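J.: Handing you a structure now.
The values are calculated or read from the model by the stated rules, or taken from the named source; none is laboratory data. Since the structure is predicted, the reported quantities are computational estimates derived from the model, not experimental observations. Backbone-built Cβ (ideal geometry, glycine too); neighbour counts: all protein chains shown. For accessibility, only protein heavy atoms count, side chains too; no ligands or nucleic acids. Shrake-Rupley method; radii C 1.70, N 1.55, O 1.52, S 1.80 Å.
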Amino acid sequence: PKANGGGVQERRPSGAQERGPGEAGAGPGGGPGDGLESMGFQVGCQLGERYSKSRASFDDTLDIVKFLCKDFWTEVFRKQVDNLKTNHRGVFVLYDSKFRWLRSASAGKMMGDNASAAAVGAGSGGQPGQGKTTVGDLLRFPCGLIRGVLFTLGIKAVVSADVASSLPACSFTVKIQQQAK
Amino acid sequence: MSSKGKVASSVAGERINSELFTLTYGALVRHLLLDLESPEEVNKQLDRMGQNIGVRLVDDFLAKTNTTRCRNFKEAVKTIADTGFKMFLGIDAKVTQIGDKECKMVLNDNPLIDFVELPEKLEPLSYCNLLCGVIRGALEQVSMKVEVLISKDPLKGDERFELHMKLLEYINEEYPFADD
């Protein structure tokens, strides 16, 4: 029997594409963040499929991003994204004023003195803080999650996250590389 | 989402999406399988991770429940089954056999294995080994050294999920506590 769903799934949406661009394959050489990002990606793909199966097909990319901000966000984070901005050229910024997974994160303790380490690029090879958990590291999983949802709905994107000084507010930047056809 | 589809998290009354939980655990196990050489190694790693969780979880548990001190293994097992599983996984566990040093516990519903099937080549994988580690780690913090094994596993064809726990020894608390 073959594994499916949450389990030890062999099915990959498109082979080597599973790990983000810039991540060097499945080697153990990648930082801990790479693993978190790709786990997020896998979960994102699966959840994206589950939550979109009973709705009408999407009109366009904006429709998919709206689904992400409303339906998906509500299921996973129990609230909607507070603000969605776009430049109409493939960049979306999702702002969540109370991002659930950062509610008990503390800037001082987590990030040390290096607040700029909070910016994390998923798939763009951002370096996790050395031996120290940064808020950026906490956001690698959700970055992967977002990338996975979009991927499973036909959009390839690069997702990065930024925390402003005011935790638990957080924004995700989605740069679309290839639109749904 | 079905009403069953919610898992209790550490904060009483606060819940996380159970599909997210289940799928994330699946992704974790899958990732370990990719990174480590054999399913046996994955079992060990899951156990270690669980232990780390258990060591912390017990503090959370004691802080949020009005549990009085468990004087012996039997009481500890009952507390885990009655309160622990309910609180952290939102499921009921039933103690089916209990002795002074051994017990068996059946989980009626195990959210970790929703959607999961194991391929044959992963026969040695003990998919839920994290749970064993959690219990071991938690009891270690309250002075009991135990061994926990998955004795029945629906992923391997059994009807229900069953844990087998064995008390190895009571640990005497040593003073002064070593610094972390």
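J.: Among the residues of the range A:73-82, are any among the acidic types (Asp, Glu), surrounded by 14 or more Cβ atoms within 10 Å (Cβ to Cβ) and farther than 18 Å from A:GLY40 by Cβ?
T.: Scanning the range A:73-82, I find at least one residue that is among the acidic types (Asp, Glu), surrounded by 14 or more Cβ atoms within 10 Å (Cβ to Cβ) and farther than 18 Å from A:GLY40 by Cβ, so the answer is yes.
J.: Can you name the residue in the range B:103-122 that is within 16 Å of B:SER151 (Cβ to Cβ) and more than 9 Å from chain A (Cβ to nearest Cβ) and, of all such residues, is surrounded by the fewest Cβ atoms within 10 Å (Cβ to Cβ)?
T.: Checking each candidate, the answer is B:ASN108.
J.: Here's something else I'd like to know. Against the conditions (1) within 14 Å of chain A (Cβ to nearest Cβ); (2) closer than 18 Å to B:LEU167 by Cβ; (3) not acidic (Asp, Glu), where does B:VAL95 fall short? Just the number, please.
T.: With (1) within 14 Å of chain A (Cβ to nearest Cβ); (2) closer than 18 Å to B:LEU167 by Cβ; (3) not acidic (Asp, Glu) applied to B:VAL95, the lone miss is (1).
J.: Moving on. Here are the criteria: (1) open to solvent by 30 Å² or more (accessible area, probe 1.4 Å); (2) touching a residue at least 60 places away in the same chain (Cβ under 8 Å). Tell me which single one B:ASN129 does not satisfy.
T.: For B:ASN129, the failing item is (1).
J.: Can you work out which of the residues in the range A:65-97 that are within 14 Å of chain B (Cβ to nearest Cβ) and in a loop (DSSP other than H, G, I, E, B) is farthest from B:GLU19 (Cα to Cα)? Full working, then the answer.
T.: We begin by selecting, within the range A:65-97, every residue within 14 Å of chain B (Cβ to nearest Cβ); these are A:71-79.
Remaining after also requiring in a loop (DSSP other than H, G, I, E, B): A:78-79.
Details: A:ARG78: 13, A:LYS79: 16 Å.
This residue is A:LYS79.
J.: Does any residue of the range B:157-172 turn out to be within 14 Å of chain A (Cβ to nearest Cβ) and surrounded by fewer than 20 Cβ atoms within 10 Å (Cβ to Cβ)?
T.: Checking the range B:157-172: at least one residue is within 14 Å of chain A (Cβ to nearest Cβ) and surrounded by fewer than 20 Cβ atoms within 10 Å (Cβ to Cβ).
J.: From the list A:GLY154, A:GLY125, A:GLY131, A:GLY144, pick out the single residue that is modelled with pLDDT of 85 or more, outside any strand (DSSP E or B) and surrounded by fewer than 18 Cβ atoms within 10 Å (Cβ to Cβ). Walk me through it before giving the result.
T.: Numbers: A:GLY125 fails: modelled with pLDDT of 85 or more; A:GLY131 fails: modelled with pLDDT of 85 or more; A:GLY144 fails: surrounded by fewer than 18 Cβ atoms within 10 Å (Cβ to Cβ).
After applying the criteria, what remains is A:GLY154.
J.: Next question, about the same structure. Just to be sure before I move on: is B:LEU28 farther than 22 Å from B:ASP158 by Cβ and either more than 14 Å from every other protein chain (Cβ to nearest Cβ) or within 15 Å of the chain's Cα centre (by Cα) (or both) in the structure I sent?
T.: no
J.: Would it be correct to say that B:LYS152 is of a type outside the set (A, V, I, L, M, F, W, C), open to solvent by 50 Å² or more (accessible area, probe 1.4 Å), out of contact with any Phe, Trp or Tyr (no Cβ under 8 Å at 6 or more places or on another chain) and closer than 25 Å to B:ASN108 by Cα?
T.: no
J.: Just to verify a result, which residue in the range A:157-174, among those that are among the small types (Gly, Ala, Ser) and in contact (Cβ under 8 Å) with a residue 40 or more places away in the chain, is surrounded by the fewest Cβ atoms within 10 Å (Cβ to Cβ)?
T.: Here the answer is A:SER165.
J.: Among the numbered criteria (1) surrounded by 21 or more Cβ atoms within 10 Å (Cβ to Cβ); (2) of a type in the set (A, V, I, L, M, F, W, C); (3) more than 14 Å from chain B (Cβ to nearest Cβ), which one does A:LEU62 miss?
T.: Every condition holds for A:LEU62 apart from (1).
J.: Conditions first: (1) under 27 Å from A:PHE99 (Cα atoms); (2) within 14 Å of another protein chain (Cβ to nearest Cβ); (3) surrounded by fewer than 15 Cβ atoms within 10 Å (Cβ to Cβ). B:LEU23 passes all but one, so which condition is the exception?
T.: The single condition B:LEU23 does not satisfy is (3).
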